[in-house]
Amino acid sequence: MDIKLPRMSGIQCVAELKKSLPEVQVIMVTVYEDSERIFKALKAGASGYLVKSGPPEQLIAAIRDVFRRRRAHVGHIARKVVQHFHLIGPAPQEADNLSPREQQVIDLLAMGFIYKEIGSKLEIGTETVRTYVKNICQKMHVRGRLEAVAKRRLE
């Protein structure tokens, strides 16, 4: 599975696949080498992570390893990392960390309401809505409300 897909990220796709087909084995094969993507892929349930620039033999060996129910990585430390992530299970979606009120605010944002309308519907002030949006953005690791809504739709 590649990380860059047209409708959702490969990492999100792995997480969805693992929910409905927990026995499916997925090897991420991508150009990205940063640790954040590697850890996210492994947390989502990927059985391996390879870089496209690697030799073709590495991909064949990884497929064989996964077929034999081993992890598709080189080195004992990498295997321990993968085992750790599979023991703790998939990571909760970032939107799951939101309070019930924050959930209401982001749901209303997703419906297209502006801060003033959200405040009116929830019987809170506009500045309070701004504070909720700021907290939502921090918890979801995004820069603004539009990005939060877009990310929420992808989760």
Can you pull out the residues in the stretch 104-125 that are open to solvent by 50 Å² or more (accessible area, probe 1.4 Å) and part of a helix (DSSP H, G or I)? 104, 107, 116, 117, 120, 121
Only residues in the stretch 96-125 that are over 12 Å from residue 136 (Cβ atoms) count as the first member; pair them with residues that are outside any helix (DSSP H, G or I), Cβ under 6 angstrom, at least 6 apart or cross-chain, and list the lot. 119/125
Answer with yes or no whether residue 51 is open to solvent by 60 Å² or more (accessible area, probe 1.4 Å), at pLDDT 70 or above and out of contact with any strand residue (DSSP E or B) (no Cβ under 6 Å at 6 or more places or on another chain). no
All but one of (1) at pLDDT 85 or above; (2) at positive phi hold for residue 75, so report the exception by its number. (1)
Candidate set from the stretch 23-39 (those that are over 13 Å from residue 2 (Cα atoms) and in contact with a helix residue (DSSP H, G or I) (Cβ under 8 Å, 6 or more places away or on another chain)); member that is most open to solvent (accessible area, probe 1.4 Å): 39
Sort out which residues of the stretch 126-155 are in contact (Cβ under 8 Å) with a residue 12 or more places away in the chain and farther than 28 Å from residue 9 by Cβ, and write them in order of number. 129, 130
Filter result for residue 91 (at pLDDT below 85, in a helix (DSSP H, G or I) and surrounded by 12 or more Cβ atoms within 10 Å (Cβ to Cβ)): no
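The values are calculated or read from the model by the stated rules, or taken from the named source; none is laboratory data. Quick caveat: nothing in here was measured; it's all calculated off a predicted structure. Please note: Cβ atoms are built from the backbone with ideal geometry, for glycine as well, and neighbour counts cover all protein chains shown. Note: accessible area is taken over every heavy atom of the protein model, side chains too, but ligands, DNA and RNA are not part of it. Shrake-Rupley method; radii C 1.70, N 1.55, O 1.52, S 1.80 Å.
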